[in-house]
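Q: Got a structure for you, questions after.
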Amino acid sequence: MKDSVLFRRVLFGGYHKGDVEEYVEQLEEKNEKLLFSKNDEISALQEEIEKLQMEIELWETRYNELEDSTSRTIRRMETQLDEVQEEASRIIVRQRKEAEEILQNVRSRVSTLLAARENHDVPTQTRREGSPEDTRDHVIKLKKRVG
């Protein structure tokens with residue numbers, strides 16, 4: 001068949017029946033091939049969609065696990081921080097109390113020494129409670145406890 005003339009004419013008007021049937025068959029074959037091709041493309045795309053959905057689910061699961069783990073870690077760290085702050089507060093209170101006791105001992109010793117000086121008394125002991133040696137020993141003990 002020529003490209004410019006699709007169907008031959010017949011004597012009594014109309015078109016040649018064989019040409020029309022051949023053309024219809026060609027169209028059906030072409031459409032069937034196109035349909036199969038498109039169905040294959042659709043199947044391939046559906047498979048790709050399923051793979052991507054599975055991958056999305058996997059990433060969502062990983063994300064949720066990571067989020068849960070991170071939340072647990074943060075809560076654990078917050079608890080540890082609270083515990084450390086509480087312990088630090090207890091240490092500070094204890095150290096202030098001990099520092100106050102040391103200061104009171106030093107003040108007492110200074111008062112005693114000043115009173116003895118005014119009365120011209122000389123201490124008979126070389127080492128007394130609250131003396132610099134006692135203070136130094138006490139500081140060493142504190143450092144051992146803290147460190």
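Each value in this text was obtained by applying a stated rule to the coordinates, not by laboratory testing. Just so you know, these numbers come straight off a predicted model, no measurement behind them. Note that each Cβ is placed from the backbone with ideal geometry, even for glycine, and that neighbours are counted across all protein chains shown.
Q: Going by amide H atoms built from the backbone, whose H comes under 5 Å of the H on TYR15, apart from near neighbours?
A: For TYR15, the qualifying residues are VAL10.
Q: Same structure again: Measure nothing but the geometry: give the 0 to 90° angle between the long axis through the Cα atoms of 17-118 and the longest principal axis through the Cα atoms of the chain, rounded to 10°.
A: Between the helix axis and the principal axis of the chain, the angle is about 0 degrees.
Q: Quick one: grab Rg to one decimal and Dmax as a whole number for the range 1-62, Cα atoms only, in Å.
A: For the range 1-62, the Cα radius of gyration and maximum Cα-Cα distance read 23.3, 77 Å.
Q: If you rank SER71, SER108 by fewest surrounding Cβ atoms within 10 Å, what's the result?
A: Taking fewest neighbouring Cβ atoms as first place, the list is SER71, SER108.
Q: Return the inverse of the average 1/r over all pairs of distinct C-alpha atoms in the range 17-146, which is the Kirkwood hydrodynamic radius, in Å to one decimal.
A: It is 24.2 Å.
Q: Estimate the FRET efficiency between ARG62 and LEU27 by the formula 1/(1 + (r/R0)^6), using the beta-carbon distance for r and 30 Å for R0, to the nearest 0.05.
A: With R0 = 30 Å, the Cβ-Cβ based efficiency is 0.05.
Q: Which whole-number percent gives the relative contact order of the chain, counting Cα pairs below 8 Å spaced six or more residues apart?
A: On the way: 26 pairs, mean separation 14.0, N = 147.
Once normalised by length, the contact order is 10 percent.
Q: For ARG72 and ASP40, compute 0.36 nm times the residue count separating them, minus their Cα-Cα distance, and round to one decimal in nm.
A: The ARG72-ASP40 span can extend by a further 6.7 nm.
Q: Another one. Just subtract the alpha-carbon distance of HIS120 and HIS16 from 0.36 nm times their residue separation and send over the number in nm, one decimal.
A: In short, 22.5 nm is gained.
Q: A further question on this structure: Kindly express, to the nearest 10 degrees and within the range 0 to 90, the angle between helix 132-146's C-alpha long axis and the longest C-alpha principal axis of the chain.
A: Approximately 20 degrees, to the nearest 10.
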